[in-house]
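Input: a single structure, listed below in structure tokens.
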Amino acid sequence: ELESSEHRRAKARAEQRFRLLSQATNDVLYDWDLQSDATWISDQAATLFRYSPDQMDPAREWWERNLHPEDREAILARIEQLFKLRETTWVAEFRFRRGDGTYAHILDKGVISYDPEGKPLRWIGSLTDISRRKALEDTLRQAQKLEAIGQLAGGVAHDFNNMLTVITGYVDMLLMKLGPKDPHRRYIEEIR
């Protein structure tokens, strides 16, 4: 009985530590039992994705339903491939619909365990909202494009100016050779 009492206290401390850890992060933590298809998802999901807990049940169906339509097929195919190859780590980026209809960019990281026969047992992971980072990357990319266009335009203007300088120089030389009454002088002055 002493061992079982000590075991219960250790288990209670571990559960409390896990609860506090899951509350201390801004990430959404999840635990997917691949045998029963039951999924536990941390409370941060309601805050991050703006859904009430009852809207997120069952969690796996809720997750699949809210993947961005352009991302869904590729993500589900990658998961299928992951199980087929018995991979133990997962990292993916995708868009996920929030309760208000907007999409968050998500970084999903997880680890998968298998039984000795290779049957997937459990998947534990985290979902991180990287929307701000993606927005900053897009802004930086746009700024880099504008800078490149500016450099190109500056280079073209510089080259064009060089050509005009050569043309103007030759026009000035022609005007010096032509007399004031030369019938071609007015054409050269128009070029100038």
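The values are calculated or read from the model by the stated rules, or taken from the named source; none is laboratory data. Just so you know, these numbers come straight off a predicted model, no measurement behind them. Don't worry about glycine lacking a Cβ; one is built from the backbone with ideal geometry, like all the others, and counts go over all protein chains shown. Each accessible area value is taken on the protein alone, full model and side chains, heavy atoms only, with ligands, DNA and RNA left out. Shrake-Rupley method; radii C 1.70, N 1.55, O 1.52, S 1.80 Å.
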Residue ranges of DSSP H helices in the chain that stretch 24 Å or more (Cα, own long axis) and have mean Kyte-Doolittle hydropathy of at least -1.0 are 69-85, 131-177
From most to least accessible, 1.4 Å probe, no ligand or DNA/RNA atoms counted, Arg65, Arg95 line up as Arg65, Arg95
Options [x] 19.9; [y] 18.6; [z] 21.0 are given for mean projected area of the Cα convex hull in nm², and the computed one is [z]
Put Tyr187, Tyr51, Tyr170 in order of accessible area, largest first, probe 1.4 Å, and you get Tyr170, Tyr187, Tyr51
Taking a crude spin-label model, label points 7 Å out from Cα along the C-beta direction, the Asp33 to Ala14 distance in nm is 1.6 nm
Given a 1.4 Å probe, the accessible area of region 1-78 per residue, as a whole number of Å², is 71 Å²
Around Arg72 (Cβ within 14 Å, Cβ-to-Cβ, excluding Arg72; K/R +1, D/E -1) the net charge comes to -3
Residues whose modelled amide H sits under 5 Å from the amide H of Ile130, counting only those 5 or more places away in sequence or on another chain, are His105, Ile106, Leu107
So for region 1-43, using the alpha carbon gyration tensor with a ≥ b ≥ c as root eigenvalues (a/c under 1.5 gives rounded; past that, a/b versus b/c decides prolate or oblate), I'd call it oblate
Of the convex hull drawn through the C-alpha atoms of region 99-192, the volume per residue in Å³ is 225 Å³
Taking only protein heavy atoms and a 1.4 Å probe, the highest-to-lowest accessible-area order of Thr139, Thr102 is Thr139, Thr102
Listed by chain and number, the lysines with an alpha carbon less than 28 angstrom from that of Lys119, same-chain partners under 8 positions apart left out, are Lys11, Lys84, Lys109
With the dipole of region 114-192 defined by +1 on each Lys or Arg Cβ and -1 on each Asp or Glu Cβ, the option from Gly150, Leu121, Val166 whose Cα lies farthest towards the positive pole is Val166
The size of the Cβ-based charge dipole (Lys, Arg +1; Asp, Glu -1) of the chain about the Cα centre, to the nearest 20 debye, is 740 debye
Per residue convex hull volume, Cα only, region 1-103, in Å³ is 141 Å³
A 1.4 Å probe over the protein heavy atoms gives region 1-109 a carbon and sulfur accessible-area percentage of 50 percent
The lysines whose Cα lies under 20 Å from the Cα of Lys145, excluding any fewer than 8 residues away in the same chain, are Lys134
Relative contact order of the chain (C-alpha contacts under 8 Å, at least 6 apart) in percent is 16 percent
Reported to the nearest 10 Å², Ile124 has, with a 1.4 Å probe, an accessible area equal to 80 Å²
